[in-house]
1. What relative contact order, as a whole-number percentage, does segment 56-113 give when Cα pairs under 8 Å and 6 or more residues apart are counted?
2. Quick one: Karplus J couplings for segment 249-256, per residue in order, coefficients 6.51, -1.76, 1.60, θ = phi - 60°, nearest Hz, x for Gly and Pro?
3. Roughly how far apart, in whole Å, are the Cα centres of segment 164-241 and segment 404-483?
4. What full-extension length gain, to one decimal in nm, is calculated for residue 232 and residue 439 as 0.36 nm per residue of separation minus the Cα-Cα distance?
5. What is the distance, in nm, between label points placed 7 Å from the Cα along the Cα-to-Cβ direction at residue 381 and at residue 179?
6. Could you rank 147, 264 by how accessible they are, 1.4 Å probe, largest area first?
7. Using the Cα centre of segment 220-345 as origin and beta-carbon charges of +1 (Lys, Arg) and -1 (Asp, Glu), tell me which of 272, 297, 225 is placed farthest towards the positive end of the dipole.
8. Under a Cβ-only charge scheme (Lys and Arg +1, Asp and Glu -1), can you give me the dipole magnitude of segment 409-475 about the Cα centre, in debye to the nearest 20?
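The values are calculated or read from the model by the stated rules, or taken from the named source; none is laboratory data. What you are looking at is a predicted structure, and each value in this text was computed from that prediction instead of being measured. We place every Cβ from the backbone using ideal geometry, glycine too, and count neighbours over all the protein chains shown. Just so you know, the surface numbers come from the protein's heavy atoms only, side chains and all, with ligands and any DNA or RNA stripped out. Shrake-Rupley method; radii C 1.70, N 1.55, O 1.52, S 1.80 Å.
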Amino acid sequence: MTEPQRTPRGRKVLPVAALAAAALLTLTTACSGPPKSGGADGEAYRLSADTPAGQAGLDSFTWAVYAEPPTLDYISAFDYPQNTVLSNVCESLMRWTPQLTLAPGLAEKATNPDPTTWVYDLRPDVHFHDGGVLTADDVVYSLGRQMNPENAAAWAQQFQNVSSITKTGPLQVTVRLTRPDSQFNQYMATAAGVVASQAGIEAAGQDYGTSGSLACTGPYRLGSWTKGQSVELQRFDDYWGAKAKSGKVVFRFLTDPSARVNAMISGEADGGYLIPTESYERLRTSGVGTLYFGEGLSTVNVNVTNMSGVLGDLRVRKALSLALDRSGFVRTGLGGAGRVTGSLTSGAAWAAAPEQVRKDAFAGLTPTAPDLEQAKALIKEAGATGKSITVATSPIGQDVSVLATAVQAAGAKIGLDVRLRTIAPNAFTALFTDPKAREGIDLFPETYYDSITDPLDLLANFKTGAYQNFASFSDPAYDELVQQAVTATDPAERFAVTAKLQKTAAEQLLWIPVAEWPTAVFLNKRITGAPTTISYLYYPWAADVGAAR
């Protein structure tokens, strides 16, 4: 199984894998509901807006996760395991809702009095798990940790336009920007906007995030952590909002995909996200629970990492794209739960855009139907017949391995020598963090999930020098459009500019788009209430889980 993943530095990089140390998916805040269905043939799966609400409280429930978080320090919360747990313990200034919309969080009001100022008015009488009460000082300190270069925070780039964060009242914080930033407040609903107790963090010292209290404000507090096995959360009775329905949540670390699925079928685990695609049908027909699909704001792509070689010729990239069997990949690699796309961004990422802008953004993008004759002609025209390129693959999950194999098969059909290089699961993440790990690799499968409701979240990756611009694409006109979109104060204008970026990314095939991929969640018959969408990364989803009857 392959899900998105974030790297310790950078906006967010999402590999396509979900195993011991690699995963890939990204999310966004959508303003309209998810589409009703999809799939290779449009009928392979159906998206659910939510699961039925919990009917009663629980003593506890158990959740399967594919890896143990290395830390629960919010500044390092860049991957699924960390955020799946942390979203229930620590809260941000803003909040992502299960419908992927932006709502107030610890800030009961956020105002934008001028293009370079955000003012956050905090909720009164919010208690930390360590007994303290939330103040503006805690916000200034917590956000300051993200900006401190010594911390190498995963979310540092989201603060690149911040000039100051100051206390302007006992429960008010003002953020001043060096220039307008249309993304900043949206990111305050992610781990970038988490607020913890200054006193609690300082008391924990270097142990913060790995043991003891996280000194946050969420509906659960960190309980026992048995390294290598599980972490337990306990209901926080002084929570300012609606109390969690379950008294305890136990997250079990099950790195083997089969073991994870077996635990869900046996009842050892009551549910889980990031379901291995090869197990969709087994869980769907198990009779012990329900497999749901929801909006994931995720696209599966082939990341082009080297444009100095054969792939530097756009004709070669176009030929590979034209030879790729996207429908076959969706059926096999995604278990039928997905749909082919010629867009790097998901449709839901554009939900807030004006209708005509949405149409323009998706018109005339990368063709998705195979055309081998045209592809062969392009390879011959480029003088690339018989030339070799290398694609990274990994046994992390069939979504990665099947896509890599599909690229190899596409190349063979049109005269390219596509070689596979197998990367161990625990080393796959290094492709996103270490340039040396990418040496000799021209392409690799990647599933990207947006963390905000904005297609710019992905498309900004192709700006000159951007963290995930691995192929070093550089176009001053593209950079200028990114700048225009970031600084646009009118959302309609921002989406219109972003649509131009999408056109350029498609014309240049900066990555090869393959499919949209929904979020999957399995719940056994004992529990219900978990959201179906990728909101679980930044929304306190476990608090909603209750007894099914």
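1. Details: 38 pairs, mean separation 11.1, N = 58.
Computed over segment 56-113, the figure is 19 percent.
2. 10, 10, 9, 9, 8, 10, 6, 7
3. Each part's Cα centre sits 32 Å from the other's.
4. Working: separation 207, 0.36 × 207 = 74.52 nm, distance 4.04 nm.
Here the segment from residue 232 to residue 439 would lengthen by 70.5 nm.
5. 3.7 nm
6. Details: 147 70, 264 5 Å².
Ranking 147, 264 by accessible area, largest first, yields 147, 264.
7. Looking along the dipole axis, the top candidate is 297.
8. On the way: 6 positive and 9 negative charges, 66 e Å.
Rounded to the nearest 20 debye, it is 320 debye.
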